[in-house]
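Report on the following structure.
The values are calculated or read from the model by the stated rules, or taken from the named source; none is laboratory data. All of these numbers come straight from a predicted model, not from anything done at the bench. Every residue, glycine among them, receives a Cβ derived from its backbone with ideal geometry; neighbour counts consider all protein chains shown.
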Amino acid sequence: MTEAANLEAELIEAVRAAPDEAALEAIRVAELGKKGRISELLKGLGKMTPEERREEGPRLNGLRDAVQDAILQRREVLAEAATTARLAAERLDVTLPLRASPLSRGRIHPISQVVDEITAIFADMGFRIAEGPDIETDRYNFTALNFPEGHPAREMHDTFFLKAGADGTRKLLRTHTSPVQIRTMEAMKPPIRIVIPGKTYRQDSDATHTPMFHQVEGLVVDRSANIANMKWVLEEFCKAFFEVPSLNMRFRPSFFPFTEPSMEVDIQCDRSGSEVRFGQGTDWMEILGCGMVHPNVLRGVGLDPDEYQGFAWGMGIDRIAMLKYGMPDLRAFFDADVRWLEHYGFRPLDMPTLFGGLST
Amino acid sequence: MKFTLSWLKDHLETDASLSDIVERLTAIGLEVEHVDDKAALAPFRIARVLTAEKHPDADKLQKLTVDAGPEVNGGKPVQVVCGAPNARAGLVGVLGLPGAYVPGLGTTLGVGKIRGVESYGMMCSERELELSEEHNGIIDLGEINAPTGTSFADWAGLADPVIEINLTPNRPDATGVAGIARDLAASGLGTLKTPPVNAIEGEGDCPVTVAIESTVCHRFALRRVSGVTNGPSPEWMRRRLQAIGLRPINALVDITNYITFDRGRPLHVFDAAKVSGNLVVRGAKAGETILALDGRTHALPEGTCVIADDAQVESIAGIMGGEHSGCDETTTDVLIESALWEPLAIARSGRTLGIITDARYRFERGVDPAFNEPGLDLATRMVLDLCGGRPSRATIVGEVPDTRREIRLPFTEVKRLTGLDVSADEQVALLGRLGFAVTREGDAATVVPPTWRPDVEGKADLVEEVMRLVGVDQIAPQPLPSTGSVNGRILTTAQVRDRLAKRTLAGRGMVESVSYSFIPEDHAKAFGGGAEALRLENPISADLSDMRPSLLPGLVAAAQRNAARGYGDVALFEVAAVYRSDEPDGQIRVAGGVRRATAGHAGSGRSWDAKGAAPVGVFDAKADALAVLDALGAPVANLAVEAGASPWYHPGRSGTIKLGPKTVLAEFGEFHPNALKVLDASGPYAGFEVFLDAIPEGKRKATRTKPVLQLSPFQPVKRDFAFVVDEATDALKIVRAAEGADRKLVGEVRVFDVFSGAALGEGKKSVAVEVTLNPADKTLVESDLEAVSGKIVAAVAKATGGTLRT
């Protein structure tokens, strides 16, 4: 009786003191194993009288259960401690800096980004994107666009020419994206709604002119498109592109060989500070040229100007990028200085959409 | 085109303010570029310093007393404190009184006390009045012929605002003040009052005859005025000419310049005494030169139209006169020329000679052919009025070309093209005010443009005339009709590919560059270009001469520029065109990129988690190229990769990615040292080009449904094999052979180890692959595995001669 009680107290103490899993297991084997002390005591029950058994049975079973429980509890404690120790040993210095991810290092050039912005806006108005070659013929670049013989733009000081071929004709680098108007009208019948972004070339070099630059051209030809529609398209475009709720635009009569009537468009802005602000101020900034497609141009592609009509416009992509995003010098666009590109460039996943906003 | 407000008002009766006039000019298509309005200077007066003594309490200041005329301070001297070093007794300058706004300072003057001395005004510098940047001292007018108290602006001719318009090339009529006034009057801003030109008969024949031997000259009118007195032109004329930036010369010359701007009609005057014999209009002969009025001797290209006398060339037709027969103060007999030249020919001569003059500006746009003789009469009248003399009859040769044309204008045309509602009556009235002869016939009109409007050819031009006078701002924007449905895809496959390629490469940590399409000739030649047909005849500089055959030279050069700035670890890409020929289909789209130094995909430079800073190499470029191909939907798993690429790549560290035996989709690799040498580039470089147009476009399927997904219930099994092969054997051959050993069972074949060593034997290497087996219908047992292993080993042996390493 006291023996059993003493034994229980002794064993539970031993279990609690077991320093690790192995010591605990040793106790279990020594007490509860086949040859263990408690097991031996339990085996003794068989030799007892029923009265003794009724007395000793529950006591010994109680002893066994108590020791078993103590071992289980101790095991959990030890496992927990072991895990804690392992985790402590696995500690790393998480403050170690990592290299920037490729997505955060990569950049999209502002010209590509602005072309995507333009595309998103005009897609919404039912336009599609057309393109054409940089190396053009005199016919597509000038004649078909109603440039008269002797027009100064046809001279060497304005236009880049390639070496003359064996037949004496010389190709040129297109001076505007307008040849694609002709190529498109030759290839498809109205109704036509296209926007034409692309590289263009002129003999020019200063802070706002580079020998290569980018233009975006638009063309609408159907049976009813008129200047009122053109004003709407251009006003909607400018508001959407510059992301301002309203914008004052001034359409001035002007002159281009391939449109009649022709206009230049200014945007009201504030240029007093270091950046241009639209929707305020009293200055006017020229932004694009436009007009009704000249009857001679329509005739040239086999369209009757009394039946078909339309409008076209063109503007500098680099220029509107500079106005929107504030780059001061056009030449830097083409210098590939990674500092400039990192600063003015866009992240790979900043895809301009109308549903997510053009810029973020 | 510049003119002054008072000049305009010689031709236009109007009460409109300067700002209204300026606004209207721009609104009708005569864009005002600049207005120089010195109205703010009205309160400043001419004043004489009477005394100047040192300021009692300041070393650099003086206390002046200034006489500013009888109207100021009751005629008594005014005390002014002044810091200008040139202030002294006797100086005549410009005084601002309290209340005057000083534009250059942005302040309004008040009575001030400077170091205890009161100052009742300010003697101004040119910068303070925004006349120039001069600020070393106050304005010193010297001894002038004007009393103190006179308005400085009036005296200096600054009171008349100068308007400069940016004239479009189609409007020769607006190269004269009279034409501009006509436009303004037609728009409703006043009444035109240009005085008519009265014909002058003259007495006796012009003693000099003219022969036209050149098609450049349509008509030539010449008159002699004898007995003139040539001296300075009157002050009003000199002021106007000065205001628009011309230097007055003498009355005879100034008259021609004045009429050039007043009527858009250039003229020329010869000193009759210096002309030998008669005049002939002809092409220049080889070797002829002329000392022109610009003081330079011009070599005349053969055939350039000139006016010559018996001795020499006296004038370049339509562009500039010669020094020899020019008029000066000694001229007593003058020959006045009014001629009509062929615009294109004048433009060509002017460009060839590089001479820009007010005459050329007008002749190349096309002067009014009907104003040839009136121009001569007007000049004669002014010569008679200003210089006296007796006119001869005019010698007139040649024909005025008949430019009369009729345009039929349906009145609905304005509405059709512009959306504007303008009544027929108003259209007729507007065109009439511009000088068009309009005959109404029911719903349309027959319109004859005036002789001064060579630009108006068709009804669209007439619509523009009506529109600009009514006002473009009257056109209310109208939405384009909606297409009535959700817009479908608007980009072509090529355009989609451009965008995907850009975003893919940027997503790999590369930075997009946009560079010029033309590169130096030696760069082009080193990268497969340099064809004559792709070389510019007139490059802007020698190193922008050839259309690029490849994006790589531009990219490497750009990376090298960054390296020179201290940014050597750069990864740049460009998606753009390269040029294989001058035909449209010779322009092909390429996605190219270069990585320099240590700018790999994971990042550049040293980092604690990487094994040092590894230089970029062929496999960086290969990964970039494959990433683009994969993003663009190329069948990457089936592509052939072959060792070697174009000659500008490292022969042993480059590759070509092909689809089938012929279609090259991409090249990648490190560069040949010779190519880098041409580019003047150094440092580890790896680059690639993906030829976007070469990627086949997948067939558009009728349905977007994807094939049914078959999932195997059996686990995949992995087996490793190591093959010993010749050093030169392509690893890809082993992979492809293993893949082909059992198409049903063999899935991915991954190379996980490559090594060579003496143990393998000379010229051998070991390539270890991990093969994934995908059982479709049962769990593989040992015999199945043995069977497929045997097939794999046999296939590899057959393809490469390789043996299983034991």
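Could you tell me whether B:Ser550 is in contact (Cβ under 8 Å) with a residue 12 or more places away in the chain, at the interface with another protein chain (Cβ under 7 Å from one of its Cβ atoms) and hydroxyl-bearing (Ser, Thr, Tyr)? Walk me through it before giving the result.
Values: in contact (Cβ under 8 Å) with a residue 12 or more places away in the chain: yes; at the interface with another protein chain (Cβ under 7 Å from one of its Cβ atoms): no; hydroxyl-bearing (Ser, Thr, Tyr): yes.
Answer is no for this residue.
Could you say which residue among A:Gln215, A:Gln280 is closer than 28 Å to A:Phe333 by Cα and part of a loop (DSSP other than H, G, I, E, B)?
On the way: A:Gln215 fails: part of a loop (DSSP other than H, G, I, E, B).
Exactly one of A:Gln215, A:Gln280 is closer than 28 Å to A:Phe333 by Cα and part of a loop (DSSP other than H, G, I, E, B), namely A:Gln280.
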Selected residue (only one of B:Ala627, B:Ala599, B:Ala631 is in contact with a helix residue (DSSP H, G or I) (Cβ under 9 Å, 6 or more places away or on another chain) and closer than 21 Å to B:Leu679 by Cβ): B:Ala599
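Can you go through A:Ala332, A:Ala312 and tell me which one is of a type in the set (Gly, Ala, Ser) and part of a helix (DSSP H, G or I)? Talk me through it step by step, then tell me what you get.
Numbers: A:Ala312 fails: part of a helix (DSSP H, G or I).
One residue alone meets the criteria, A:Ala332.
Tell me yes or no: at least one residue of the range B:489-496 is under 25 Å from B:Val678 (Cβ atoms) and either facing another protein chain (nearest Cβ under 8 Å) or among the hydroxyl-bearing types (Ser, Thr, Tyr) (or both).
If we filter the range B:489-496 for residues that are under 25 Å from B:Val678 (Cβ atoms), which is where we start, we get none.
No, there is no match, as no residue in the range B:489-496 is under 25 Å from B:Val678 (Cβ atoms) and either facing another protein chain (nearest Cβ under 8 Å) or among the hydroxyl-bearing types (Ser, Thr, Tyr) (or both).
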Test: residue in the range B:148-171 that is modelled with pLDDT under 90 and of a type in the set (Val, Ile, Thr): yes
First in the range B:160-173 and within 14 Å of chain A (Cβ to nearest Cβ), second anywhere and buried (at least 19 other Cβ atoms within 10 Å of the Cβ) and part of a helix (DSSP H, G or I), Cβ under 6 Å, 6 or more apart: B:Leu167/B:Ala174; B:Asp173/B:Gly179
Residues that are surrounded by 15 or more Cβ atoms within 10 Å (Cβ to Cβ), of a type outside the set (Gly, Ala, Ser) and assigned to a loop (DSSP other than H, G, I, E, B), drawn from the range B:76-85: B:Pro77
Residue check, B:Leu105 touching an Asp or Glu at 6+ places or on another chain (Cβ under 7 Å), within 17 Å of B:Ile139 (Cα to Cα) and part of a loop (DSSP other than H, G, I, E, B): yes
Lone qualifier among A:Pro148, A:Pro133 - being more than 22 Å from A:Cys238 (Cβ to Cβ), part of a loop (DSSP other than H, G, I, E, B) and at pLDDT 95 or above: A:Pro133
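Conditions (1) within 11 Å of chain B (Cβ to nearest Cβ); (2) in a helix (DSSP H, G or I); (3) within 30 Å of A:Glu307 (Cβ to Cβ), marked per residue:
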residue: A:Gln181; (1), (2), (3): no, yes, yes
residue: A:Ile196; (1), (2), (3): no, no, yes
residue: A:Glu235; (1), (2), (3): yes, yes, yes
residue: A:Arg252; (1), (2), (3): yes, no, yes
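Quick check on B:Gly277: is it more than 17 Å from B:Arg360 (Cα to Cα), surrounded by 16 or more Cβ atoms within 10 Å (Cβ to Cβ), of a type outside the set (A, V, I, L, M, F, W, C) and over 44 Å from the mean Cα position of the chain (by Cα)?
Details: more than 17 Å from B:Arg360 (Cα to Cα): yes; surrounded by 16 or more Cβ atoms within 10 Å (Cβ to Cβ): no; of a type outside the set (A, V, I, L, M, F, W, C): yes; over 44 Å from the mean Cα position of the chain (by Cα): yes.
When the stated conditions are applied, B:Gly277 does not pass them.
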Breaking point among (1) at pLDDT 95 or above; (2) within 9 Å of chain B (Cβ to nearest Cβ); (3) farther than 22 Å from B:Ile588 by Cβ, for A:Leu173: (3)
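Rundown of residues vs (1) among the hydrophobic types (A, V, I, L, M, F, W, C); (2) farther than 22 Å from B:Leu639 by Cβ; (3) touching a strand residue (DSSP E or B) at 6+ places or on another chain (Cβ under 7 Å); (4) not in a loop (DSSP other than H, G, I, E, B), yes/no style:
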residue: B:Gln710; (1), (2), (3), (4): no, yes, no, no
residue: B:Ala728; (1), (2), (3), (4): yes, no, no, no
residue: B:Arg736; (1), (2), (3), (4): no, no, no, yes
residue: B:Arg743; (1), (2), (3), (4): no, no, no, no
residue: B:Ser766; (1), (2), (3), (4): no, yes, yes, yes
residue: B:Val769; (1), (2), (3), (4): yes, no, yes, yes
residue: B:Lys778; (1), (2), (3), (4): no, yes, no, no
residue: B:Ala787; (1), (2), (3), (4): yes, yes, no, yes
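Can you say whether A:Arg319 is more than 11 Å from chain B (Cβ to nearest Cβ) and either part of a helix (DSSP H, G or I) or modelled with pLDDT of 90 or more (or both), as far as the supplied structure shows? Explain how you work it out, then say what you get.
Values: more than 11 Å from chain B (Cβ to nearest Cβ): yes; either part of a helix (DSSP H, G or I) or modelled with pLDDT of 90 or more (or both): yes.
Yes; evaluated as a whole, the condition is true for this residue.
With respect to A:Asn146, is the statement that it is over 27 Å from B:Leu544 (Cβ atoms), buried (at least 16 other Cβ atoms within 10 Å of the Cβ), more than 7 Å from every other protein chain (Cβ to nearest Cβ) and polar (S, T, N, Q) true? Quick ask: steps written out before the conclusion?
On the way: over 27 Å from B:Leu544 (Cβ atoms): yes; buried (at least 16 other Cβ atoms within 10 Å of the Cβ): yes; more than 7 Å from every other protein chain (Cβ to nearest Cβ): yes; polar (S, T, N, Q): yes.
Criteria met by A:Asn146.
State the number of residues belonging to the range B:465-481 that are without any contact (Cβ under 8 Å) to a residue 60 or more places away in the chain and at the interface with chain A (Cβ under 7 Å from one of its Cβ atoms).
Residues of the range B:465-481 that are without any contact (Cβ under 8 Å) to a residue 60 or more places away in the chain, as a first pass: B:465-467, B:470, B:474-481.
Add one more test, that the residue is at the interface with chain A (Cβ under 7 Å from one of its Cβ atoms), and what stays is B:467, B:475-480.
Counting residues in the range B:465-481 that are without any contact (Cβ under 8 Å) to a residue 60 or more places away in the chain and at the interface with chain A (Cβ under 7 Å from one of its Cβ atoms) gives 7.
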Sole residue being surrounded by 12 or more Cβ atoms within 10 Å (Cβ to Cβ), without any contact (Cβ under 8 Å) to a residue 12 or more places away in the chain and part of a helix (DSSP H, G or I), chosen from A:Glu25, A:Glu31, A:Glu51: A:Glu25
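Of everything in the range A:97-115, what is farther than 20 Å from A:Arg183 by Cβ, within 18 Å of the chain's Cα centre (by Cα) and more than 7 Å from every other protein chain (Cβ to nearest Cβ)? Give them in sequence order.
At the first step, the residues of the range A:97-115 found to be farther than 20 Å from A:Arg183 by Cβ are A:97-114.
Narrowing further to those that are within 18 Å of the chain's Cα centre (by Cα): A:100-114.
Within the range A:97-115, A:Ser101, A:Ser104, A:Pro110, A:Gln113, A:Val114 qualify.
From the list B:Pro647, B:Pro584, which one is touching a residue at least 12 places away in the same chain (Cβ under 8 Å) and more than 30 Å from B:Arg743 (Cβ to Cβ)? Walk me through how you get there before you give the answer.
On the way: B:Pro584 fails: touching a residue at least 12 places away in the same chain (Cβ under 8 Å).
Testing whether each residue is touching a residue at least 12 places away in the same chain (Cβ under 8 Å) and more than 30 Å from B:Arg743 (Cβ to Cβ) leaves just B:Pro647.
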Boolean, B:Val313 is closer than 15 Å to B:Ile355 by Cβ, more than 34 Å from the chain's Cα centre (by Cα) and not charged (D, E, K, R): yes
Top-ranked residue of the range B:231-272 - restricted to ones that are assigned to a helix (DSSP H, G or I) and of a type in the set (Asp, Glu), ranked as surrounded by the fewest Cβ atoms within 10 Å (Cβ to Cβ): B:Glu235
Enumeration of residues in the range B:588-618 that are away from every other protein chain (no Cβ under 13 Å) and in a strand (DSSP E or B): B:Val590
Matching residues, the range B:181-224, being aliphatic (A, V, I, L, M), under 30 Å from B:Ser349 (Cα atoms) and either part of a loop (DSSP other than H, G, I, E, B) or in contact with an Asp or Glu (Cβ under 8 Å, 6 or more places away or on another chain) (or both): B:Val208, B:Val216, B:Ala221, B:Leu222
Tally of residues being in contact with a strand residue (DSSP E or B) (Cβ under 9 Å, 6 or more places away or on another chain), more than 16 Å from B:Thr656 (Cβ to Cβ) and either assigned to a loop (DSSP other than H, G, I, E, B) or among the hydroxyl-bearing types (Ser, Thr, Tyr) (or both) across the range B:619-634: 1
Failed item, numbered, when B:Thr403 is tested on (1) among the β-branched types (Val, Ile, Thr); (2) closer than 20 Å to B:Thr451 by Cα; (3) touching a residue at least 60 places away in the same chain (Cβ under 8 Å): (3)
Residue, farthest from B:Val735 (Cα to Cα), within the range B:647-663, restricted to residues that are within 42 Å of the chain's Cα centre (by Cα) and surrounded by fewer than 18 Cβ atoms within 10 Å (Cβ to Cβ): B:Pro647
